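Some notes on the structure that comes next.
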Amino acid sequence: MKLSNKVNLYFIALILLNSIFFTTQVLDRTLVPRFLFLSALLLVSIPSFIKNWSTSKFRTLNLLDFLFIIYYVISCISIFYAINIAEAFFENQKILLAFLVYYITRFLLLQTGHTAEKILCQTAAIAVFCGVTYLIWEYSTTEDTRKYFHMYLKGTSSHRNLSAAFLLLCIPFNIIGLWQTKSQLWKWLFRLAILGTIITILVLQTRSVYMASAIASLFAVTALFLTSDLFKQLHLKKIITSSIIIFVSVFLFFYLSDNLSYFSERINIFNYQKSYTAQERLFIWGKTNSLIKDNWLTGVGSGNWKLIFPSYGIGDWKRAAEHGVIFQRPHNDFLWVFSELGITGIFIYSSILLIIFWAGIQTAITHKSKLLGTKLWIVLAGLLAYYIFSCFSFPRERLEHLVLWAVLLAIISYYGHDFFKEKYSLKITNKLKNSYIIIFLTVLLGFNLLIGYHRYKGEKNMKKAYDYNIQKNWGKLKSRVNAAYSPFFYNLDYTSMPLKWFEGTVYHKNQQFDKALDCQLKALEHNPYNDRVLNDIAAIYGEKKDYPKAESFLQRALTINSSRQSSHLNLAFLYFYMKKYDKVKQHLDKVKDQKHDANKNKLLVALQQLGY
């Protein structure tokens with residue numbers, strides 16, 4: 001097969017198929033399936049890539065490559081001190097995938113040039129059509145089409161914010177494709193993709209994407225106006241006409257659905273800080289900042305932020321304290337990297353950003369080709385949009401976003417090849433045999449498949465386990481949890497609840513306290529700051545009449561979540577049994593939920609009978 005055909009197939013799978021691949025058999029229908037898909041794609045691509053790479057003059061590593069490799073190595077080292085290595089493995093190997101996508105994409109661009117660019121742009125346009133079509137289908141099947149209809153839309157990224165961001169990151173490819181293609185059909189397809197993306201982003205009403213779009217657009221327009229004669233020669237009439245069509249279409253959509261005032265509020269990014277979402281982010285960032293101060297040198301280990309974060313107290317935030325929400329990420333990728341990989345990790349991660357922008361801007365300004373400079377400003381704007389969005393969300397968690405991030409880095413590195421080649425590039429010696437490289441990468445990607453297999457199997461079984469939990473079928477629940485559990489690859493569900501907690505709960509319900517305690521203590525090893533686990537361990541010690549240990553675990557639970565009413569109620573009962581009556585009333589006063597009224601009143605009556 002010709003290299004050009006291989007390139008076409010590779011980018012179709014990488015950009016298009018990876019962005020729409022999902023299954024409803026697992027809890028998170030996109031994350032693990034795409035991890036497996038991308039790992040398999042790279043695994044089958046490696047032999048062919050190495051064959052072409054070994055005889056190429058582009059058998060090199062530049063400064064950006066070294067930074068990327070160091071970033072991966074730092075993450076690998078963090079596994080050794082991470083509390084939960086299963087989560088560390090999973091997050092760590094995503095970095096490997098991103099690096100391989102970046103490096104292979106840059107190499108293919110260097111080898112084939114326009115061929116790779118062309119298929120990249122075309123597959124991005126088709127991915128947009130698929131994403132927009134899926135959202136339209138979701139909207140047509142949504143019963144509530146009133147004010148908050150957008151909340152029900154998930155898109156191909158399983159989250160409307162992430163779906164909107166994915167579409168936004170496709171815009172640079174569509175603009176470049178529109179400028180380069182000579183086909184009238186593809187010109188119209190690129191125009192439709194851009195128009196559909198902008199309208200969809202406006203309809204989805206995600207402030208973080210609005211902000212990223214506004215800042216990236218301002219950057220691109222300013223840079224192009226100052227440096228590109230080509231941009232100045234564009235027909236202003238076409239730009240104005242397109243803008244009018246977009247905003248009139250969106251205006252009519254919201255006006256006809258009686259959502260115009262709400263949309264006006266949402267699109268005003270300056271109101272963001274007043275929103276509940278922003279207040280929650282500020283709460284999370286404040287606690288994460290405290291976590292970083294205590295672990296600034298090494299971080300807490302890849303994938304382990306969500307396990308350590310609760311130790312800084314979640315009782316001040318209602319959604320976490322009263323509704324049991326366990327935050328899974330800090331909604332800021334820079335804080336995320338800093339908290340997990342420490343000062344060295346954030347330095348390298350930030351260096352990748354600074355180096356690529358430095359190379360891109362230098363090349364755009366100094367390169368003889370004005371067309372290349374124009375394309376570079378567009379790609380840099382897309383990369384800037386990614387980083388702005390990452391300050392408010394979590395694109396580094398999702399494979400389709402990591403792929404586009406890596407591809408944008410690869411394009412800038414490709415355009416700036418001469419910039420890196422002069423001072424910051426190293427030729428890889430031929431003494432390093434191809435077979436060694438293939439074996440090494442095959443082992444790493446094979447390990448990815450092993451991780452993905454266990455996580456897929458785990459999520460598939462846990463999805464059924466949740467159904468059995470609702471049905472109160474404890475025997476089948478326990479069976480599914482055991483089938484899902486893997487100590488080294490999958491021991492937490494997608495909300496970070498330990499699987500051993502579910503098993504321990506079943507034993508507790510069956511009055512098998514010793515087995516229940518063993519499971520809950522193992523659950524605590526997997527997630528040491530989960531207040532529900534601590535609360536349940538205390539309950540078991542209470543059943544076993546070991547009141548001092550029960551008190552100790554309940555106090556630990558309240559240190560994490562001071563607003564958990566079940567912990568206050570359990571502690572009130574415990575102090576009653578320990579005859580510390582003065583402390584009983586103190587904790588009962590904090591129990592406000594009506595569902596606890598029966599037990600609360602029972603205890604109050606008992607206190608009154610004792611004269612308290």
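Of all the numbered requirements in (1) more than 23 Å from the chain's Cα centre (by Cα); (2) surrounded by fewer than 20 Cβ atoms within 10 Å (Cβ to Cβ), Asn62 misses one, and that requirement is (2). Remark: Leu297 matches the filter, which requires a residue to be modelled with pLDDT of 95 or more and loosely packed, with under 13 Cβ neighbours inside 10 Å. When Leu41, Leu36 are checked against the criterion of being without any contact (Cβ under 8 Å) to a residue 40 or more places away in the chain, part of a helix (DSSP H, G or I) and farther than 25 Å from Phe420 by Cα, a single residue qualifies: Leu41. State whether the residues of the range 476-488 include one that is open to solvent by less than 50 Å² (accessible area, probe 1.4 Å), more than 30 Å from Lys57 (Cα to Cα) and not in a helix (DSSP H, G or I). Within the range 476-488, one or more residues are open to solvent by less than 50 Å² (accessible area, probe 1.4 Å), more than 30 Å from Lys57 (Cα to Cα) and not in a helix (DSSP H, G or I). I need the full set of residues from the range 489-514 which are within 22 Å of the chain's Cα centre (by Cα) and open to solvent by 40 Å² or more (accessible area, probe 1.4 Å), in order please. Tyr494, Thr495 - these are the residues of the range 489-514 that are within 22 Å of the chain's Cα centre (by Cα) and open to solvent by 40 Å² or more (accessible area, probe 1.4 Å). Every condition in (1) within 30 Å of Leu178 (Cβ to Cβ); (2) at pLDDT below 95; (3) of a type outside the set (Val, Ile, Thr) holds for Leu100 except the one numbered (2). Evaluated against (1) at pLDDT 85 or above; (2) crowded, with 23+ Cβ neighbours inside 10 Å; (3) over 22 Å from Trp474 (Cα atoms), Gln520 falls short on exactly one condition, (3).
Could you tell me whether Lys602 is out of contact with any Lys or Arg (no Cβ under 8 Å at 6 or more places or on another chain) and on the phi < 0 side of the Ramachandran plot? So Lys602 passes the test.
Counting only residues that are crowded, with 22+ Cβ neighbours inside 10 Å and either touching a Leu at 6+ places or on another chain (Cβ under 7 Å) or at pLDDT 90 or above (or both), the range 309-330 holds 3 of them. Would you say Ala124 is part of a helix (DSSP H, G or I), out of contact with any Ser or Thr (no Cβ under 6 Å at 6 or more places or on another chain) and either of a type in the set (Gly, Ala, Ser) or open to solvent by less than 30 Å² (accessible area, probe 1.4 Å) (or both)? Considered against the rule, which asks whether it is part of a helix (DSSP H, G or I), out of contact with any Ser or Thr (no Cβ under 6 Å at 6 or more places or on another chain) and either of a type in the set (Gly, Ala, Ser) or open to solvent by less than 30 Å² (accessible area, probe 1.4 Å) (or both), Ala124 comes out as yes. Considering the range 533-585, and only residues there that are open to solvent by 40 Å² or more (accessible area, probe 1.4 Å), under 35 Å from the mean Cα position of the chain (by Cα) and at pLDDT 90 or above, the residue that is nearest to Asp518 (Cα to Cα) turns out to be Arg556.
Of Ala98, Ala86, Ala13, Ala116, all but one fail to be in a helix (DSSP H, G or I), open to solvent by less than 30 Å² (accessible area, probe 1.4 Å) and under 30 Å from Arg480 (Cβ atoms); the exception is Ala86.
Taking the criterion of being over 13 Å from Ser45 (Cβ atoms) and among the β-branched types (Val, Ile, Thr), the residues of the range 438-448 that qualify are Ile439, Val443.
The values are calculated or read from the model by the stated rules, or taken from the named source; none is laboratory data. Bear in mind that the values here come from a model prediction, so they are computed numbers and not experimental data. Glycine also receives a Cβ, built like all others from the backbone with ideal geometry; neighbour counts cover every protein chain displayed. With ligands, DNA and RNA removed, areas are computed over all heavy atoms of the protein, side chains included. Shrake-Rupley method; radii C 1.70, N 1.55, O 1.52, S 1.80 Å.
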